[in-house]
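**Student:** First, the structure itself, so that you have it in front of you.
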Amino acid sequence: MTKASELQELIGQEVGVSKWFDITQARIGAFADCTEDHQFIHVDPNAAKATPFGGTIAHGFLTLSLASAMSYDAVAPLEDVVMGVNYGFDKLRFVAPVPAGSRIRGRFKLLSAEDRGGGRWLLKHELTVEIEGGDKPALIAEWLAMQVLAD
């Protein structure tokens, strides 16, 4: 756990790297069912072979949706945190496609920590989602999260 008083010392530093997450065709298909996005590049391996991707790829939003699990795995919560709330993104770019059958993980760097009063801290992390063996990341984002501490 990190103390709120230590946050300023961590700005600009990598604060965690998550475990690898498997991006299976089954996971892609389940995400397609949840979001009703059944575009063939995600769900039809035969048709996707004829694309520049050479096979199916994960939805960009599937990759993004795993950011929460990556964060839970990699970033220590603040000491005395009662809850954390997703506050949005300042920047988000999908840089490279994630092929079915690959693995991804998240790297987190603390960019800023703002005391909003009342035990609320607004944290901004740079999130880079790496593709195992890839030359480029899947996505890069500036992610905002509000952490609320106990009184």
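The values are calculated or read from the model by the stated rules, or taken from the named source; none is laboratory data. None of these values were measured; they are calculated from a predicted model. Virtual Cβ from ideal backbone geometry, glycine too; neighbours counted across all protein chains shown.
**Student:** Of all residues being more than 24 Å from Val43 (Cα to Cα) and of a type in the set (D, E, K, R) in segment 71-101, which is surrounded by the fewest Cβ atoms within 10 Å (Cβ to Cβ)? Just the residue, please.
**Tutor:** Filtering first and then ranking leaves Lys91.
**Student:** Could you please find all residues in segment 99-139 being of a type in the set (Val, Ile, Thr) and farther than 25 Å from Glu6 by Cα?
**Tutor:** Hits for segment 99-139 are Ile104, Val129, Ile131.
**Student:** Could you grab me the full set of residues in segment 83-101 that are of a type in the set (A, V, I, L, M, F, W, C) and farther than 15 Å from Leu122 by Cβ?
**Tutor:** Result: Leu92, Phe94, Val95, Ala96, Val98, Ala100.
**Student:** What number of residues within segment 27-54 satisfy the criterion of being over 19 Å from Ala67 (Cα atoms) and either in contact with a Leu (Cβ under 6 Å, 6 or more places away or on another chain) or not basic (Lys, Arg) (or both)?
**Tutor:** So the count comes out to 19.
**Student:** Let me ask another. Identify the residue in segment 1-49 that is at pLDDT 95 or above and hydroxyl-bearing (Ser, Thr, Tyr) and, among all such residues, is surrounded by the most Cβ atoms within 10 Å (Cβ to Cβ).
**Tutor:** Selected residue: Ser18.
**Student:** Is it true that Ala47 is assigned to a helix (DSSP H, G or I) and either without any contact (Cβ under 8 Å) to a residue 60 or more places away in the chain or closer than 24 Å to Ala32 by Cα (or both)?
**Tutor:** Judged against the criteria, Ala47 is a match.
**Student:** Would you confirm whether any residue within segment 104-122 is in contact (Cβ under 8 Å) with a residue 24 or more places away in the chain, under 17 Å from Ile23 (Cβ atoms) and β-branched (Val, Ile, Thr)?
**Tutor:** Checked segment 104-122: at least one residue is in contact (Cβ under 8 Å) with a residue 24 or more places away in the chain, under 17 Å from Ile23 (Cβ atoms) and β-branched (Val, Ile, Thr).
**Student:** Filter segment 50-70 down to the residues that are without any contact (Cβ under 8 Å) to a residue 60 or more places away in the chain and of a type in the set (S, T, N, Q), then identify the one that is surrounded by the most Cβ atoms within 10 Å (Cβ to Cβ).
**Tutor:** This residue is Thr56.
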